[in-house]
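J.: First the structure, then my questions, so here it is.
The values are calculated or read from the model by the stated rules, or taken from the named source; none is laboratory data. Keep in mind that this is a model prediction, so the values were computed, not measured. Cβ atoms come from the backbone with ideal geometry, glycine included; neighbour counts cover every protein chain shown.
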Amino acid sequence: MREMVCNVLPGKEVTEIEGASQEPRTIGSGGESRFSGGVAFTRRDGTTKDKHPHGDVHQVNSAKACTHSQKYQKTSSWRKESFLNRAALITDGDINAADGSVARPWRICTVQQVEDFKAVLRILPLWSAAIILSVAIGVQINFTILQALVMNRAVGGGGFTVPAGSMFVACLAAVVVSLGLLDRVLFPLLRRLAGYTPTPLQRIGAGHVLTVVSMAASALIERRRTATVRAHGEAGDPAWVSPMSAMWLVLPFVISGAGEALHFPGQVTLYYQEFPPSLKNTATGMIAMIIALGFYLSTALIGVVRHATAWLPDNMNASKLENLYWLLTGLVAVNFGYYLRPSSLPEYKTSLVSSAN
């Protein structure tokens, strides 16, 4: 995959070729249009002459790379983000006069490359909104295990005790069950009765809401646990185990798992639909990046909270973990409001609703 290097021409706007039926000028260039994921912007010198009065732009001359219909699909929003459009403007010295080949490929981009970069930029706000979800889930997983260590983990009347580290299995089970119910029962039922299937954006939004509910549930359960500790007067004993059942911790995990079954598959579908063809495989890896960033940032958040507050001492029975859960609830709720802004753009709704139907 070739690296794409885009250049910005100062002081000259990009315009479309005049004539409704006239295609943008096509310059011979071997190979397919590719986008490598990183774009380096450099400024051209100020010696460019106004040789191209119609703002000729560079396009790949390859049937494999871009068909006639794909060109006009990509350039239909050419007037948007004019700053980026300048990267495809042909200037003096970019094209060999003898054979029409690209003389300096590091100084000019094809229209397809510019449009691919725009597609990635448009998806970044939606992608970044998912990072806070991963942060909240990472904190919830870590502290639920610590909560389980100081709660009654006995099951039934027997002597079996659930390992504290196994509590997260409830979240995984909820994801598996929720995926089956959604894909095999709920969505087909909605399609049959109402002729409607939730779009990826709607699935992601529902996952945001369930994550807010899950954080609030964790806060309420922790309030109940600390109330039990204070009622027995054991806040000073870090080894004291509350008689409250640790099975209460399963409820937030089930809600969180149902949310993950909505927003993670919804994100994969969204990225795969919105990313340019050359980045379809990369789209599936965006979720892994979200999870990795979220867990790293969750560790950073815990460090900041421990440094700035007294909520998280070494003694769980004397902690104020409830406050951290309420903080996460507020962060996820605000993040949901942030998500609603880019998700309401018509360019997403039009394509995704039609594809869902």
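J.: Would you pick out the residues in the range 229-256 that are of a type in the set (Ser, Thr, Tyr) and either buried (at least 17 other Cβ atoms within 10 Å of the Cβ) or modelled with pLDDT of 95 or more (or both)?
T.: Residues satisfying the conditions are 242, 256.
J.: Look through 193, 189, 179 and report the one residue that is under 23 Å from the mean Cα position of the chain (by Cα), in the same structural domain as residue 143 (by TED's automatic domain parsing) and at negative phi.
T.: Result of the check over 193, 189, 179: 179.
J.: Return only the number of the condition from (1) surrounded by 15 or more Cβ atoms within 10 Å (Cβ to Cβ); (2) closer than 16 Å to residue 325 by Cβ that residue 224 does not satisfy.
T.: Of (1) surrounded by 15 or more Cβ atoms within 10 Å (Cβ to Cβ); (2) closer than 16 Å to residue 325 by Cβ, only one is false for residue 224: (1).
J.: Across the range 112-164, what is the number of residues that are free of Cβ contacts under 8 Å to residues at least 40 places away in the same chain and crowded, with 19+ Cβ neighbours inside 10 Å?
T.: Number satisfying all stated conditions: 0.
J.: Any residue in the range 109-124 that is farther than 24 Å from residue 216 by Cβ and not in a helix (DSSP H, G or I)?
T.: Looking for residues that are farther than 24 Å from residue 216 by Cβ and not in a helix (DSSP H, G or I), one finds at least one in the range 109-124, hence yes.
J.: Does the range 277-293 contain at least one residue that is outside any helix (DSSP H, G or I) and either out of contact with any helix residue (DSSP H, G or I) (no Cβ under 8 Å at 6 or more places or on another chain) or among the small types (Gly, Ala, Ser) (or both)?
T.: yes
J.: Just give me the residues in the range 244-276 being in a helix (DSSP H, G or I) and of a type in the set (S, T, N, Q), in sequence order.
T.: 256, 267, 269, 273
J.: Turning to a different aspect of this structure: Any residue at all in the range 106-128 that is under 18 Å from residue 172 (Cβ atoms), assigned by TED's automatic domain parsing to the domain that holds residue 210 and in contact with a helix residue (DSSP H, G or I) (Cβ under 8 Å, 6 or more places away or on another chain)?
T.: no
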